Each structure stands twice: as C-alpha cells, then as structure tokens.
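Structure first, commentary second.
The values are calculated or read from the model by the stated rules, or taken from the named source; none is laboratory data. Being a predicted model, the structure only gives us computed values, none of them experimental. Neighbour counts run over all protein chains shown; Cβ positions are idealised from the backbone, glycine included.
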C-alpha cells in the first residue's frame, strides 16, 4: 500500500456563489446525515463472521495476542511497587521486554522495520516482529549489549530513556497512531453565501417562490466577473446583489479563501477530523428590504484587511480551526463513545454592529442550523452505548469595536405591530472598544451527576463555562443630543487581566452540541 491518505484532492476555483433558505439548510443537514453511514452498528449487531477479515481485524487480533502473551503473575507484583518507571521494564541482568504490537515496535530502538511499514498492518508484521528478536546482529548494530527476551509482553518503548542499575517498571501502550484516510485542499478566489431570513412561498407559480428567486439570483450573478473580488472592500458588490436578491437576507462575502480538511482513522474505530479555513478579506452583512430599498447592517467588518505593509507577510483577516476526535472506550460492561471538538477562531482588528432585535429576525435561520437529524441507531445498541461530549470554543481578536443599537419597542396589539423582519432602532449607540479580546465557551459532562437506573445508558448533565477576558475596555454612549459620553474604563493590572467567568451546571446534552464533542475544559 502506498503511503499517504487513501483519497486526496487539491483544487482551485475562481468563485463560488450559494443561495440557501432555512428549509434548504434543514434538508441539506438531513442529506449529509444520511450519507454518513455508520458501518460499526451493522458489524456489531449482525456479527463479524459474515464478512472477510480486513487489515483492522488483523491488527485487533495481533493486539489481543500481545496482551495474552504479556499477562503473567509477575504483573501483579509490579502493580504494587509505587516507585517504578512507567516506561521501561528491566530485570536485574538488564534484559528488557519488547512489545509485539505495531505501535510499540515502530518506536522501539530494536525494530528493524520503519514506522511507515507498520502502518500497513497485516499478518506479516507479527512474523517480522518475532524474527527481529532472534537476530543478535541487528541488536549489536544498535549498540545493545544484552539481548531481549524472546517472549514479548504488552507495552511499548517510545522514547527509551538511559537506565542503569536495578530499575524495574511497567510499559503502557501509547496513543494509537491514526492513519490518514482523506485530505482535501481547496483554494477559492471568492465566495458568497446568501441566507434568506424567510422561506419563500412554496407555490412555484408565484413570482416570489424559491424557484423564481433562485433563477433571478443566478441570472444576475452571471454578469459578475472574477475580478470583482480584487478590490479592497466589497462595497461595489452591493448594487449587483440588490438586483439579484431583493429579499431580506444575511450575506457572507470572502476573498482568497483557503480550505484544508484531513480525516484520520484507527483500528479501534477511532476517528479524527481537522479542518482549517482562512479568509484574506471577509464581510458579514445583513440586508433588510423596507419600502423597496435595502438597509445594510455591517455585522462584521475588517478595516485593515485590504491594506498591506511593505516588508511584512500578508496575514488572513479570519482563521477558523476545527478539530473533532471520536474514541470508543469501555466502562465496565458499557461502551462509551467520547467525542472531543475544538473550535478556535482568530480574527484581525474588527468592527461589529449589532442590535438586540437581530436574534428575532434570525430565528428561522437559527432553528435551521440547530436542526438535528433523527438518530436511527438500533435500540439494543442505544442501551449499551453512551456518549461523553467535550467541546471547546474560543475567539480571539487583538482589537475589537462593538456597536450596540437599541430597538424601539412596539407595544401595539399583535395585528398592528410591525413585522419581526423590520428593523427599528434608536439613534443612540453604545460603543465598546476592547483590546486583546478572548472569548471562551467550554462544555463537558458533569461526572458527579446522579447515576442512572440499572439497564439505562449513562447520560450525565453538562457543565458549561463561559469566559471573557481583555486587557483594556473603553465604553462610550454616542448619539445622545449629538455628543459622546464615556461611561466605563477598565484596565489590567500588573498581576492579571480583567476576566468575566460564568459556570452553569445541570444542562442537558441536547441540540447541535450533542452531536459535537469537545476539548476537556480547564479547571
């Protein structure tokens, strides 16, 4: 088998335009969930004898043999000695025990095969591992005076330390090395994502139906050229999008977009996904149509994204790093699937404008993104398998300016109130300027929660930690009688920076967070 991932894709695209409604987001989520077929359920329920052995099965057989050969009454004596080296197993004459497992032999100093060869796990690896023990020449060439025993024990010798005298310890198998399955690298000259705030009528004959809206949208965008993303900002695109989409929407526009995604898997159904997304320039815009005219709210802007300093390397204005790992473990007679997800967003100097009514206007979109497909796992598997979810989200920016607008309340009766998609805000603005801003959100199961009844899966409550830190905060109130009034100023001291922490216990693992796990939170 050739080294590297099984599937690798490297592509370059000029520009991509997408138009989605809330219903389409829900259907797209269901489609992706249906395509993610879990073959582990079938193998566990129907039995592994109905299919031929593959490389993963052979690796598991080899690891089981290694554990059986390595177990002995001597292990119990080593368990009771507290001052043992956990990495090396020696005897009085200096003889060492070597593991037969591929993970241990690939890092051992006596292995005659490279680590890349052991990654292609087959039955031949056991033969080579045992044959290496019976070759004194290969051991003497490595500078080992005393040969190892010819019966291996479970363990590994990664990072073998120099030992002398009478030292006895026990080996522990290291972390499993995941093999790359797929690698995706994609470069986009430009990207636009238009999200409709409301679903168009389902009648295809109406002029405002989704079919008619999409036809007008892509017909107008056909006049756009790839050079449209070469400007320093995206203000010149607003006229074209006003003709293409005369409906209230949320638009994401990015230039020089780079996407990288890697998928890895192991022999014990362990999986890992890492993704990186970066934008050279990025804009998040809300467009509301009232009286036939668009009104724009610049939700996210990077003022210095199009400026370059002579002699300095160009850096992206926004970077997103995402990692997801899934491990299958056992706790007694119950199988536990632990999912750890980490999301890290790094932003350059930014400015954001928000009003408190935006959550109401984006209600349909938030419900669409929070949609979770129905779990179709077997009932017997659900009773013997539980999940531990860990998540970590962090957002960093060296300098951020937040402008908060206050809505005008509408106290009229419901039939006479303005539509929730219309925006009505006061003239005054609350401006917050923060330096070295860092926002964190961590989520983990509460291991001290009550244990379930017999026969029920263990589903602990979630503990959430929300934290905000910064080095300097300056707040002002603008627009009141034409003036600006500062009202708050916070600075760091020599010992620590200002920090706001909120811990919430007792939440249920529901919603989109239940499908993504994450990093174990810091205490």
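Put simply, of 250, 221, 191, 186 the only residue that is closer than 21 Å to residue 362 by Cα and touching a strand residue (DSSP E or B) at 6+ places or on another chain (Cβ under 6 Å) is 250.
Residues in region 336-359 that are touching a strand residue (DSSP E or B) at 6+ places or on another chain (Cβ under 9 Å) and within 30 Å of residue 428 (Cβ to Cβ): 13 in all.
With respect to being surrounded by 15 or more Cβ atoms within 10 Å (Cβ to Cβ), under 30 Å from residue 19 (Cα atoms) and either touching a strand residue (DSSP E or B) at 6+ places or on another chain (Cβ under 9 Å) or modelled with pLDDT under 50 (or both), residue 170 falls outside the description. Before we move on, is residue 290 surrounded by fewer than 16 Cβ atoms within 10 Å (Cβ to Cβ), modelled with pLDDT under 90 and in contact with a helix residue (DSSP H, G or I) (Cβ under 9 Å, 6 or more places away or on another chain)? Judged against the criteria, residue 290 is not a match. So residue 393 passes all but one of these: (1) more than 24 Å from residue 467 (Cβ to Cβ); (2) at pLDDT 80 or above. Which condition number does it fail? Going through (1) more than 24 Å from residue 467 (Cβ to Cβ); (2) at pLDDT 80 or above one by one, residue 393 breaks only (1).
Residue 380 falls short of the stated requirement of being at pLDDT 80 or above, surrounded by fewer than 16 Cβ atoms within 10 Å (Cβ to Cβ) and assigned by TED's automatic domain parsing to the domain that holds residue 479.
For region 6-14, the condition holds for at least one residue, the condition being that it is in contact with a helix residue (DSSP H, G or I) (Cβ under 9 Å, 6 or more places away or on another chain) and at pLDDT 65 or above. Condition check for residue 52 on (1) over 23 Å from residue 335 (Cα atoms); (2) surrounded by 12 or more Cβ atoms within 10 Å (Cβ to Cβ); (3) modelled with pLDDT under 70: one failure, at (2). Among the residues of region 224-234, those that are closer than 20 Å to residue 285 by Cβ and assigned to a loop (DSSP other than H, G, I, E, B) comprise 224, 230, 231, 232, 233, 234. Here residue 346 meets the list (1) in contact with a helix residue (DSSP H, G or I) (Cβ under 9 Å, 6 or more places away or on another chain); (2) modelled with pLDDT of 85 or more; (3) closer than 30 Å to residue 270 by Cα almost entirely, failing just condition (1).
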